1. Listed highest first by mean packing, meaning other Cβ atoms within 10 Å per residue, what order do 74-84, 292-302 come in?
2. Given C-alpha coordinates of the chain, what is the ratio Rg to Rh with the Kirkwood estimate of Rh?
3. Of the cross-linked pairs Lys121/Lys312; Lys121/Lys160; Lys221/Lys312, which ones have a Cα-Cα span greater than 31 Å in the structure shown?
4. Among Tyr264, Tyr278, Tyr136, determine the one that fluctuates most according to a GNM of the chain built with springs between C-alpha atoms less than 10 Å apart.
5. Go through 36-43, 190-197, 368-375 and give me the packing order, highest mean Cβ count within 10 Å leading.
6. Of the peptides 171-183, 91-103, 313-325, how do they stack up when ordered by the mean number of other Cβ atoms within 10 Å, highest first?
7. Excluding residues fewer than 8 places away in the same chain, name every one of the aspartates and glutamates whose C-alpha is closer than 12 Å to that of Lys181.
8. Please give the helix 94-105 orientation as an angle from the longest Cα principal axis of the chain, in degrees from 0 to 90, rounded to the nearest 10.
Amino acid sequence: FSPTLRHGFVDLDDGDYVYRNRIVLEGFSWPSVRLVFAQPHAAMYAPVLWLSYMLDVDCFGTASAQGFHFTNVLLHSLNAGLFFFLLLTWSRKPWRAFFFAALWACHPLRVESVAWVAERKDVLSGFFFLLCLAAYGHAHRSAPTASEQSEFPGLPGRGKFFRRGLFLASFLFFALGLLVKPSLVPVPALLLLLDYWPLRRLTDFSLRSLRRDLPRLLLEKIPFLLFSAAAAMSSAAAHRTAEAIAHVSPLAALKAIPLHYGFYLFKIFRPHNLSVLYPNVRFTRPDFLFALLLLAGISLWVWNARRRRPNKLVSWLWFLGLLVPVVGLVQFGVQSVADRFTYLPAMGISAALLFVFPSVPVFRRLLSPLRAALAIGLLSLLVLLT
């Protein structure tokens, strides 16, 4: 993504967000801070986003867009590292974690989020999102094993205050992410999924397990849920004030759900004909039936594999859940689909594929070079497309 450092602004939201935004151009000051927290701007309530642009103005000036692009690339790079860290923690397989983190980071669908200054909200909210997941996961991990202690002698214990501090940090990171982009509203549900895998705080989806564990797990999510509800309401109010919500009939919205999911799956696995603005997408009845059967088939498959490969179920629901705000139930702005909407949901696809190539000791010598060549070839192709 380094070529973006030579790019300028584009005449599509960049003016409203940065180079014609009086609040941002004044730089970081307490009057500006009070103003961005007091009211919505550009049809959204995102004070932390505006603060990040103000800091860019103070650090790099407004003569060119280079500094703004640098911050976007830096944040995306940090996100790639954090995602690798999460996958490594969950799988304990360094090369798999590296490959699937790189697969996400170098995918052509990331271009819009990274190379467009106005889409700082994707990379910045993603940064806080990943910090939230990391802090939450470490807050509820079990005590270090003997092998972990021998490998990392300074690994901290998991005392009560240590856990509470990490849990509080996860909530603060979540709150900061929502103050960048309200699309993080489904995150409390994702945290509940992480309780099933990899944290194993929810042993199963049986009625007995749900009755025993679910009330306690839901109770601790109340602060997250309350903040999500507040963010959703403030976002809807800001868009309504700016008349940025398109009116869609309930039946059309329901029919659009599988079509939108199918559209994003298609773009993830075949990133072709990508565009910053798509025309109104028109689907036929066969498209709807195919998308519906595809979603139902994958959902049934991951449900049946939940005991053997719980990561598939959790990661598939990660993908479905984080796309809920943009699958057509409510349409914000002029378009119903966009590449940038996949920035966080696509991580779920990478996590679902973590164990797609099982390690068979008998064929390891034969398969390892083949898998390495396939991985290098696929990443190289994605880099070229990106």
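1. In decreasing order of mean packing, 74-84, 292-302 become 74-84, 292-302.
2. 0.96
3. Lys121/Lys160
4. Tyr278
5. Output ranking for 36-43, 190-197, 368-375: 190-197, 36-43, 368-375.
6. Per-residue mean Cβ counts within 10 Å order the peptides as 171-183, 313-325, 91-103.
7. Output for Lys181: Glu119, Asp122.
8. Rounded to the nearest ten degrees, it is 30.
Quick note: the coordinates plus some simple rules give every number you see, no bench work behind them. Predicted model, so just to flag it, every value in this text is computed and none were measured. Glycine also receives a Cβ, built like all others from the backbone with ideal geometry; neighbour counts cover every protein chain displayed.
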